[in-house]
Structures are given as C-alpha cells and as structure tokens.
Amino acid sequence: MMTTEMSWDRYSSPRLQQEVSRAMTDSIDLKRQRPVAVWLLVCAGMVFAVLVAGGITRLTHSGLSIVEWRPLVGALPPFTHKAWEALFASYRATPEFQRVNFDMTLDGFKHIFWWEYTHRLMGRLTAIVFLLPLLWFLKSRRISRPLAWRLTAIFLLGALQGALGWYMVASGLVADPRVSQFRLTAHLGVALTLIGAILWTAMGLLSPTAGAGRRVPKFAVAVVATVFLMALTGGIVAGIRAGVAYNTFPLMNGQLVPLGILLMEPWYENFFYNVATVQFVHRTLAWLLIVLIPSYWAWLRFGAKIEQARTESGLLVAVLAVQVGLGITTLLTRVALPFAVAHQAGAVMLFAAALWTAHACKAAVRLSIRG
C-alpha cells in the first residue's frame, strides 16, 4: 500500500493525476467494449457482403425476379415444383418477362431467382446478427445509454434500407422494366451510410480516447465527402447503364468533354438522365480524388505531421490506386461482371479507408489538445 501511495505521489500535478486516471479508465473501457466493437466489425462485414451480392444481382439482371416483398414468409425458398411454377407464373406477369425475357424457361428463372433470393436472405441474416446481440448487450448493460441509442438508430437505418430495397424493386415492376436510378442510388447511399456508422462506432469503441476527440480536420471531412459523392454518382451511372457507353480512356471517344453533355432541357436533367453527362461527372470526381487523396497523404505526413494517420493514409492511397484501375478496366471491358463487382466493392473499401484515416486524425487532434 505504501508503494502505491508513493507512486501516486510522484504525480503531484493535478493534471498528470487526471491523465493517469483517464488512461486507467480508458483501459477498463476498452476491455469491456472490445466484444461490442468486434461484433460491430462483423456486422459491417456482413453489410458489405450484402452490398456486393446486390451488385451481382443488379449486373445479372436478377433484381426483378421476386415480385413480392414478404420479409418473414419470403425467407423460405420454394421446395416443390409446384411452388417454383407459382413463382415463375408471377414473374411471367411482369413487364420484364413480357418485354425482355419472354423466351426464358423455368431453369433460366431459377438462375436469376437465386441471386435475388440470396441477396435478400443475406440482408435478413445481417439484421438478425445485429439485433440479437444488441438486445443481449442492452439486457446485460454492457453498453452505455448514449451508445444504446446510437446502435438502435443504426438498426432502424438498416430496417429502412430493407424497405428501400423493395421500394427500388417496385420501380421496375412497371411498363418500363428498369429500376429507378434515383431509388438505386438512394439504396446504395443508405448502405454506405450504414457501413460508415457501424465502422465509426466500432473505431470509437476500440479507441476510447480518440473517440473523445473534439473535431476532425476539414481536409479529412472533404476527402470522406468526396468519396461518398463519387460512389453516389456511380449509382447514377449504374442506374442508367452509362458504363456501356464511351468505353475509352482517358478521353471519352476522343474528346475531353463529350459532345451532347448539356443537350437536355432543363439543364439539370442532364446530370440524371444524360449518359454522357453522368459518366463525365463520375470521371471528373475520380480525377479529383486522384489529386485530392495524395495531397491529403502529403499534408498528413509533411504539413500537419499527424504520425498516427501514417498507416491509414498510406492504405487510403493504395486503395485509391486499385479502385481507379478497376474503374478503368470496368469501362474498357464494357462493364464485365467480375470487374464491375470488384469496382463496386472497391468503392466501399475506399470509403472505409477514408473513414479510418479520418478517425486516426481525430485521435491525433485529441492527443494534441491534451498535450
């Protein structure tokens, strides 16, 4: 006991005593919160997998194969030939079958059905993996009240994502059998927001001190926002299938700015319906990130000198290089399935890397405040 008291007396400064006490508290919090953080990282990985499966579903034109939204009953696939025939009959009544897949057989229908079914089933499993541990954590009081409210909000956002998915599918069950690019982009945007919220919360739990930071540098915010915006424009590109046009790089069919970029009236419709404009905007944001992210890396290392973000920013640059390569390859191959899926997954990885770097900056800002 005397040794302990003498050790504590060495920290005669009230500020130093406060720092030691806070460090001890952070260590205890980290031990208690690590299981919660690991669970959240697993959930983020599952949402990522659902998003990738959704990309495959879209690219294989399978998204309109299930014409009803039955969150509970729809969890079970058809087991009998009669059940398959009933589902196929429902699909044959849709405009997509009548106008596009009119020669499709039952075996062909099964192929597109399984992709959409797998996508929906993965979403349901993700909801269960999120909800059940959350209820246990709440019951055992392993999480604080503010964290409980945040996690509840994340779960509700996930539920909204499921409903939005059906809202998107419903837009394609009409005379023009193609889902709305606006609903598709909203579906993608909510998925990215969901992944971002889960990851940011998990990172805060793994670094309690960093989580207490007061601000994130504006440069970091700008990078995250630009990556998010570029991903959204990718949703518009996918929604109007702009990727199958202007399949040259770096120019667009020999031109820096393609002809017809502002043909539509009113002018703003070009940004949502004009293939040339939509792809040009997506490319422009990619070029912006090619300049912005290396500048961000250089600023962190040589300007702000935030050593805590060195690894994260280096990974961010590496992911950007891979993502740009995938984007170019997807374009040149006229949206070949493997490259297109990898490009969509790369957008999520780039967003996650940007968030990780921003959180590292937040930790460094907090340390500088305390130092």
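The values are calculated or read from the model by the stated rules, or taken from the named source; none is laboratory data. Since the model is a prediction, treat every value here as computed from it, not as a measurement. Positions of Cβ are generated from backbone atoms using ideal geometry, with glycine treated the same way; all protein chains shown enter the neighbour counts. Surface areas here come from the heavy atoms of the whole protein model, side chains and all, with no ligands, DNA or RNA. Shrake-Rupley method; radii C 1.70, N 1.55, O 1.52, S 1.80 Å.
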Counting only helical runs of four or more DSSP H residues, what would the 222 nm mean residue ellipticity of the chain come to if each run contributes -39,500 (n - 2.57) and the total is spread over all its residues? -25000 deg cm²/dmol
Based on the mean of other beta carbon atoms within 10 Å per residue, what is the order of 149-156, 345-352, most packed first? 345-352, 149-156
In the chain, what percent of the accessible surface is made up of carbon and sulfur (1.4 Å probe, ligands and nucleic acids excluded)? 68
How high is the FRET efficiency from residue 68 to residue 222, r the C-beta distance, R0 41 Å, rounded to 0.05? 0.45
Calculate the tail of P(r) for the chain: the fraction of all Cα-Cα distances greater than 39 Å, expressed in %. 28
Check: in the chain the Lys pairs 8 or more apart or on separate chains whose Cα atoms fall under 19 Å apart number 5
In percent, how large is the relative contact order of the chain, given Cα pairs closer than 8 Å and 6 or more residues apart? 20
Where Rh denotes the Kirkwood radius from the mean inverse Cα pair distance, what is Rg over Rh for the stretch 119-206? 1.08
Per residue accessible area in Å² of the stretch 236-316, where ligands, DNA and RNA are left out and the probe is 1.4 Å: 55
State whether the stretch 138-255 is rounded, prolate or oblate according to the following rule on the C-alpha gyration tensor (a ≥ b ≥ c being the square roots of its eigenvalues): a/c under 1.5 gives rounded; otherwise a/b larger than b/c gives prolate, and the remaining case gives oblate. oblate
Taking just the C-alpha trace of the stretch 213-371, give me its Rg and Dmax in Å. 17.5, 57
Using a Gaussian network model of the chain with C-alpha springs under 10 Å, which one of 83, 354, 342 is most mobile by mean-square fluctuation? 83
Any chance you could give the angle, 0 to 90 degrees and rounded to 10, that helix 145-170 forms with the longest Cα principal axis of the chain? 10
